[in-house]
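Each reported figure results from applying straightforward, stated rules to the coordinates on display, with no laboratory input. Just so we're clear, the structure is a prediction, and the values are computed from it rather than from any experiment. Positions of Cβ are generated from backbone atoms using ideal geometry, with glycine treated the same way; all protein chains shown enter the neighbour counts.
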Amino acid sequence: MNPDIIKERQNATFDVEKLTYVLDGGLEKTKRRREIESMVFSDPDFEEEDPNFLSRSERYDQAVRKSAQMILKLREYGIADPEEIYCYKTCVNPDRPGPLDLHLAMFLPTLLNQATQEQMDRFFMPTWNLEIIGTYAQTEMGHGTHLRGLETTATYDPATQEFVLNSPTISSIKWWPGGLGKTSNHAIVLAQLYTQGNCHGLHAFIVPIRDMSTHVPLPGIVVGDIGPKFGFNEVDNGFLKLENVRIPRENMLMKYAKVEPDGTYVKPPSAKLTYGTMVFIRSLIVGESARALSKSCTIAIRYSSVRHQSEIRPGEPEPQILDYQTQQYKLFPLLATAYAFSFVGQYMKETYHRISGDINDGDFSELPELHALSAGLKAFTTWTTNSGIEVCRMSCGGHGYSRSSALPDIYVEFTPTCTYEGENTVMMLQTARHLVKSYRQAKAGQQLSGIVSYLNEAKQHRVQPQPVAARPTVVDINDLASLVEVYKQRAAILVELAAKSIQQEIQNRKSQEDAWNNSSIDLVRASDAHCHYVVVKLFTDKLGEIGDIAIHSVLSTLALLYALHGITTNSGDFLQAGLLNVPQVHQVSVRIKELLSQLRPNAVALVDAFDHHDKKLNSVLGRYDGNVYEHMFEWARRSPLNATEVHESFHKYLKPLRSKL
Amino acid sequence: MNPDIIKERQNATFDVEKLTYVLDGGLEKTKRRREIESMVFSDPDFEEEDPNFLSRSERYDQAVRKSAQMILKLREYGIADPEEIYCYKTMVQGNHHEAMGLHFVMFLPTLYSQCDPQQSKKWLPLAKSFQAVGTYAQTEMGHGTHLRGLETTATYDPATQEFVLNSPTISSIKWWPGGLGKTSNHAIVLAQLYTQGNCHGLHAFIVPIRDMSTHVPLPGIVVGDIGPKFGFNEVDNGFLKLENVRIPRENMLMKYAKVEPDGTYVKPPSAKLTYGTMVFIRSLIVGESARALSKSCTIAIRYSSVRHQSEIRPGEPEPQILDYQTQQYKLFPLLATAYAFSFVGQYMKETYHRISGDINDGDFSELPELHALSAGLKAFTTWTTNSGIEVCRMSCGGHGYSRSSALPDIYVEFTPTCTYEGENTVMMLQTARHLVKSYRQAKAGQQLSGIVSYLNEAKQHRVQPQPVAARPTVVDINDLASLVEVYKQRAAILVELAAKSIQQEIQNRKSQEDAWNNSSIDLVRASDAHCHYVVVKLFTDKLGEIGDIAIHSVLSTLALLYALHGITTNSGDFLQAGLLNVPQVHQVSVRIKELLSQLRPNAVALVDAFDHHDKKLNSVLGRYDGNVYEHMFEWARRSPLNATEVHESFHKYLKPLRSKL
C-alpha cells in the first residue's frame, strides 16, 4: 500500500463503510452487491485479456464468449431480479456494453409487451434459449430523432398474407442497432405499415435475418457491421437493408394494432404504454452518469494523492498534486456532482417504481411530469458527466491519456448517452415544452402541483431584468435551503424569459413553430436551470435522511460546494435576475476556496465510499493501493507492440531507407 | 453534388477563394499549398488503408512506411523550406501523427543547437542519413512538468572518461517520448549530471539504445512501447530504463556546458537560449488549435446542411438541421472561434519570426512577453478547441460517433495538446505570473509597454466590485472597438483581483508561496481573461487589413459573434465588474440570435474557405460534395468485421450455448 494513500485514509473524518451503505441504499444491498462482485471476479471463466491489447474482431469475440458465459451462469445461479442481473452484468463487462445487450434489454421486453399470446407461444422459448437472438432496429441512416420520418416500409400483400419489407432508399437502411451486424438472427424492425393503399405509421415486425442453423444472412437481407466507432468496440452495431423481404402476417407484433388477413387495419387502443419504457431508460441513464463520474473521480483523486509534482514551497519535497488549489477546483466540484447525481439517480429509480405501480392501475397522472423530468435530467446529467470525465482525465496529466488509466474507455463508452435514447438538445426542449405549458397554465390561473409548482408564483415576477441593486437580497450563501430557493427563482425567471421570448416572436408575426425555434436557446437555458434546481433540491432533501453526524457533515459540505460552484459558473444568471448582488457573488468565490480546503482531508475517503472494485475500475491510476508506477510499467510491457523486440517495419522500411539516401 | 449543399454555396455573399487567400496569407501561399497537396494526393505511394480498419501494429507499420516514403520524396522534390515540409507532412499524415515526428522536431534541432563543432561533424551526417534515428527523452514516469524533479542520473567516471547512466527508480523510467519504443536507435536523454561528487542539474546526452545494424536493444537498455493510448496509435511512445549504460564523454551535448576529461564541470554562459524553442512550439500549437477546430466545424456544418431531421413547421418536409437555432448556437460561435484562432495563429507566427531575429542579435527584451503570451494562448486555444471538437462531434448526432466522421480521430489526436509542451493549468499560471509581476510594476509607478500596458491604468481601478447600477456604462455592443475595451477592462480587473487575493493571503500571515497557491483559481481566471482580450483584439485588428468589402462584412459579423458570445458565457464577470449593466447583457443575447440568422446563409461558404481537402478531412460527413449516406454505407462495408459473413464467435460460443440451456 502506498504510504501517501494510507495517510489520506487515516485523515478521514467519517466512516467510509457507512457512506457506502447510503449510496447503495442500505447495508443489505451493499452486502448483496459485494457477493455478486466476488462471484464474478473469482470466476476463472470471466478472466480476460485487456481489450485494449486486442483487435476489434478479437474484442468482439471475447465479448461474445463472456456474454454467453454470463447467460449460463445467471441461469445456473438463478439470478433473476433485474437489478441483480444488472449488477452481475456490470461486473462481467465493466464499462463495456456487450453484443447481446439489446437481445436482453430490447428484444425480449418488446416481445413481452407487444406480442399476442400466439406470438409468445411461437417466439418466447426460442428467444429465452437463445436460438433466436434478436435486436431492435429503429434508427435509420438518415433518421433518428423523428420517428415519423423513418422510411422503411412494410406493405401487406393479402394474396399471400405476408408483409413485404423494403428499404427504399440508402438513407432508409437501418443503422446503429447493437448486435445487428453479426450477432442477431432476428430483428424487430420498425417500419411504416401500408395496407389497402394507406399508410398507418410505424409498427413493429419480427424479421428473421440470418439462418438459424448456419447463421448466413437470408435472401433479400443485406446485413453487416457499421464499422469502427469512438468506443463500443465490443458491440457489432449493424446495418440492415431489406430487399423485398417477405414475412408472414403473424410476424407483425399485434397485441395492440392489428392487420386482419384481408388487410383491414385495426387501431391500437392507446399510445401511452410505450412512453413508460422510455422514461425508465432515461431514468437509468441518470444513474449511469453518477457511476461514470464517480469512477472518473475515484481514479483522478486517488492518483492525485500519490502523484507528486513541482513545488509549492521552494526546497520542500514535491507536494501531492491534490494539494494544488487548481487541482482541487477541477476535481472536488465534480466529486460533489457525482454525489448529487447518485442521489438524483436513486430518486428517479424510486419515483419510477412508485409511478409504474400507478400506471399498471391505469393512472397516468404523474407520467407527464416524470417524462419531462427524466428527459431533462438525462440531458443535464450526461452533458455534465461527459465533460467531467474529460476534466478528470486531463487532471491526470499525460498518464490520463494512456489506456491503462481507464479514463479514455470510460469516456468513449459513456459519451453516446448524450445522443442515444433521446438526443440531449431535443431532450432539453421536451422538458422546456412541459415547463412553458405549465407556465401558461399557471398564468391562466391554474394551480400547479409537483416539481413545477414554483411556476405558480409566475405572476409576481417581472420579465424585464431589474437593476441588481434595486432588489432586496436576503440569501444566506451558507444555508442550503436558501440556495435551493435561489435556484428555484432562477429557474422560474428563465422559464418566464423563454415564454416571453416566444410571445415576443408571435407578436412579430412569426408562426407558433418559428417562434418556438427562434426561442430555443432560451428554452434550453430554462430547462437547464430547472434541472439544476431539481438536483440542488434533491441533494439537499437527501441530507434530511442522513442520521450519522459525521456523514451528514461531509455530505453537507459537498452539497454546499455543488450549489455554490453552480452559482459561480452561472453567476451572470443570478446577477442578471437580481437574485444575488455583486458582493455576494464575490463571497461565493471566497467560500468555495474554504470548502475546497475543508474537503481536502476527506477526498480519498469520499471516493473510497463509492466502493468501485479495482477489477471494475480496471485503472492503474485508480488502484485502491495507490501503487501506480509499478503496475503501469507491468501493463506497458504487455503491449502487443512489445511482442517482438524489433518490429518488422525496421527491416521493411527503415533499413532500406539508408541506402537510398 | 448534393442539391442542398449546392444551394448553400449559391447563397454565399462573398468570394470564398479570396477568403482562403486571407487565411493562407496570400494568393501565392494558397497556390503553393495546393501544389503540394496535389503532389501528395496524386502519389500512389501514399495510398493507404483507413487506419481505423487496422490493428495497432499495422497502423504503426503503415505510418513508418509513409514516413520513409516522405523522406525520399522530400529529397527528390527538393522541398526544404520548413513551412513547406510541414505542409507536405500534414498532407501525408492526414489527421494522424507519425512515429518519426520527434526525429525531425526534436532530435535533429537539438543536435543543431547543442552540439559543439566536433559533435556536429559526427552526429549530423548520421542523423540526416537516418543511420541514427533519434528521439528526445525528457519526461519520466513520475515527472513531467517539474524538470528539477527528474531522477535519471549521468555520473562521470574519469577513469574511463565515460558517463554512466541509470534509472535509479521505477518512477525515473523515461516515459512517453514519441518514437522511443520501437523506431529510434538513439535518444537524447535528459539526466542529472554528477561529476566530482556534485550534481550540476539537467544536461543532455546522446545515448545509443539499439544496435545500428540489427536494431536490437543494446546491453543495459530496457526499451519498449508504453501501450495503447486514447489516440496516437501511429506513434510508438516509449519507455527507456537505463541500467549502468556507459557512453563516451563526448556524447554529452557540449556546446554550452562541458565536462572536462578530468571531470571538471564548466558552466553554460546563459540559460535563455532554450527558452526560444518552447515559445516557438507553443505558438505553433495555437495554429494547430485553429486547424483542428476549423476541420471539425467544416465537418459539422457541411453535414448539418445536408442532414434533414424532425420538423419546425408541421406538414412541411424535414428541415436541414442547420436551420435549428440550437444547432446554429452550437456551431457558429465555434466557427467564429476557428477564424479568431486562425488569425491569432498568424499573429503568433509573425511575432515569433520578428522576435527571433532580435534574439539572434542578442536582444531578448521582447521574449518574456511573448513567452507569457504563448503559454497562456496555448492553454486558452487548446482548451477551447478541445471542448469545441466534441461539441461539433455531438452536433452530428449518432454519426459523429462513427470513426467514418473523422471527428473521434481529430479529438484524440488533438487532446494531448492540452497536456504536452506545458500542461495547460501550469501554462495559465505562468502567464498569470507575468501579469501579476507587470501589475506590481505598474503599481510601483513603472510605465508598462506592450500587451500588458492596460495594467498601467491599474491605479484607477477599485478592487471591491461595485454595485452595477453605480457605474456609468457607455459600451456599444455593436462596436468591436468598444467590446475590445470592455474585454480589456475585464482583464485588468481580474488581474487586480488575483493580485489582491495574494496580498490578502499574505496579510493573513501566509508565505508568498502559499498565498500564490491559495489564489491560483483567481490567477487562472485572470490569465483566461487576458487571453480572451488578446484574441478579441487580434481578431478586430485583423479586420483592418481586409480590403474586400464582402469579406470584411462577413468577418466583422464573425468577430462580433465571437466577442458577444464570450460576454454571454462570462456575463457574471462583466456584470460583477460593472462593465455592462443588466439590460445590456440581455441585449447581447438578443443580438447573438440575430447574428446567427445573419451568418446562416454564409455558413457553408465560411467553412469552404478553410479549404480542407477531402483527402485531408477524411470524413464521410464532411465531404465537399455532401454525398454523405452512400459513402458511409460504402465505408461500413469495408469494416474488418464484415470480412466474413459469419463471425467465428457464432460457431465457437453462440451455437453451442443453445444445447446447454
Exercise for the section: Can you tell me the relative contact order of the stretch B:1-110? Whole percent, Cα pairs under 8 Å, sequence separation 6 or more. Expected result: 27
Exercise for the section: Within the stretch A:473-509, report the trypsin sites (Lys or Arg not before Pro) that DSSP leaves as loop and that have at most 14 other Cβ atoms within 10 Å. Expected result: A:R509
Handout entry: Total charge dipole magnitude, the stretch B:299-421, about the Cα centre, Cβ charges on Lys, Arg, Asp, Glu only, Debye to nearest 20
Key = 520
Exercise for the section: Assign unit charges at the C-beta atoms only (+1 for Lys and Arg, -1 for Asp and Glu), then state the dipole size of the stretch A:134-268 relative to its Cα centre in Debye, rounded to the nearest 20. Expected result: 240
Problem - Share, in percent, of DSSP beta bridges within chain B that are antiparallel, nearest 5 - result: 80
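Determine the dipole magnitude for the protein assembly as shown: charges of +1 sit on the beta-carbon of Lys and Arg, -1 on that of Asp and Glu, nothing else is charged, the reference point is the Cα centre, and the result goes in debye to the nearest 20. Let's see the in-between values first.
On the way: 137 positive and 149 negative charges, 301 e Å.
Using only the charged Cβ atoms, the result is roughly 1440 debye.
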Completion exercise
the stretch B:254-270 scanned against label point 7 Å out from B:Q131 along Cα→C-beta; backbone N under 15 Å for none
Practice task
Along Cα→Cβ, 7 Å out, is where each label goes; now give me the distance between the ones at A:S356 and A:R313 in nm to one decimal.
Solution key: 5.7
Handout entry: Shape call, chain B: gyration tensor on alpha carbons, a/c limit 1.5
Key = oblate
Completion exercise
Taking every DSSP bridge whose two residues both lie in the protein assembly as shown, the antiparallel percent to the nearest 5 is 80
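For a quick protection proxy, order the peptides A:377-386, A:615-624, A:212-221, B:640-649 by their average other-Cβ count within 10 Å, most packed first.
Averaged packing, sorted descending, gives the order A:377-386, A:615-624, B:640-649, A:212-221.
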Fill in the blank from the handout: Rounded to one decimal in nm, the spacing of the 7 Å Cα→Cβ label points at A:I281 and A:T160 is 3.2
Problem - Relative packing of peptides A:303-314, A:156-167 - highest average C-beta neighbours within 10 Å first - result: A:303-314, A:156-167
Completion exercise
Reduced to Cα centres, the span from the stretch A:309-341 to the stretch A:162-223 in Å works out to 53
Fill in the blank from the handout: Here the whole-number average of other chain Cβ atoms within 10 Å per Cβ of B:631-637 is 6
Practice task
Scan chain A and note any complete DSSP helix (H) whose C-alpha atoms cover at least 18 Å along its axis and whose Kyte-Doolittle average is 1.0 or more.
Solution key: A:549-569
Completion exercise
Heads up, the stretch A:134-268 by the C-alpha gyration tensor (a ≥ b ≥ c square roots of eigenvalues; a/c under 1.5 rounded, else a/b over b/c prolate, else oblate) looks prolate
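Of A:K89/A:K615; A:K537/A:K593; A:K73/B:K655, which sit over 20 Å apart, Cα to Cα?
Pairs exceeding the cut-off: A:K537/A:K593.
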Practice task
Would you mind getting me the FRET efficiency between A:D45 and A:N198? Use the beta-carbon distance for r and R0 = 35 Å, nearest 0.05.
Solution key: 0.05
Handout entry: Which of B:F205, B:F341 has the fewest Cβ neighbours within 10 Å, and the rest in rising order
Key = B:F205, B:F341
Practice task
Give me the distance between the Cα centres of the stretch A:49-99 and the stretch A:483-546, rounded to whole Å.
Solution key: 41
Handout entry: Residues B:D323 and A:K443, FRET efficiency given R0 of 35 Å [Cβ-Cβ distance, rounded to 0.05]
Key = 0.75
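Check the stretch A:134-268 and count each lysine pair with an alpha-carbon distance under 19 angstrom, considering only pairs eight or more places apart or from different chains.
7
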Problem - Sites A:L72 and A:T169, calculated FRET efficiency, Cβ-Cβ separation with R0 45 Å, nearest 0.05 - result: 0.60
Practice task
Give the shape of the stretch A:28-147 as rounded, prolate or oblate, defined through the alpha-carbon gyration tensor: a ≥ b ≥ c are the square roots of its eigenvalues, a/c under 1.5 means rounded, and otherwise the shape is prolate if a/b is larger than b/c and oblate if not.
Solution key: oblate
Practice task
Quick one: compute the contact order of chain B, relative version, from alpha carbon pairs under 8 angstrom and 6+ residues apart, as a percent.
Solution key: 15
Handout entry: For A:50-58, mean number of other protein chain Cβ atoms within 10 Å
Key = 4
Handout entry: Peptides ranked, highest mean first, by Cβ atoms within 10 Å: ranges A:83-92, A:134-143
Key = A:134-143, A:83-92
Fill in the blank from the handout: Checked against the positive end of the charge dipole of the stretch A:134-268 (+1 on Cβ of Lys and Arg, -1 on Cβ of Asp and Glu, about the Cα centre), the farthest of A:V245, A:W175, A:T155 is A:W175
Problem - Length-normalised contact order of the stretch A:134-268 in % [C-alpha pairs under 8 Å, at least 6 apart] - result: 28
Problem - Mean-position separation - Cα centroids, the stretch A:563-611 and the stretch A:1-27, in angstrom - result: 23
Handout entry: A:E260-B:V646 pseudo-label distance in nm [points 7 Å out on the Cα-to-Cβ vector]
Key = 4.3
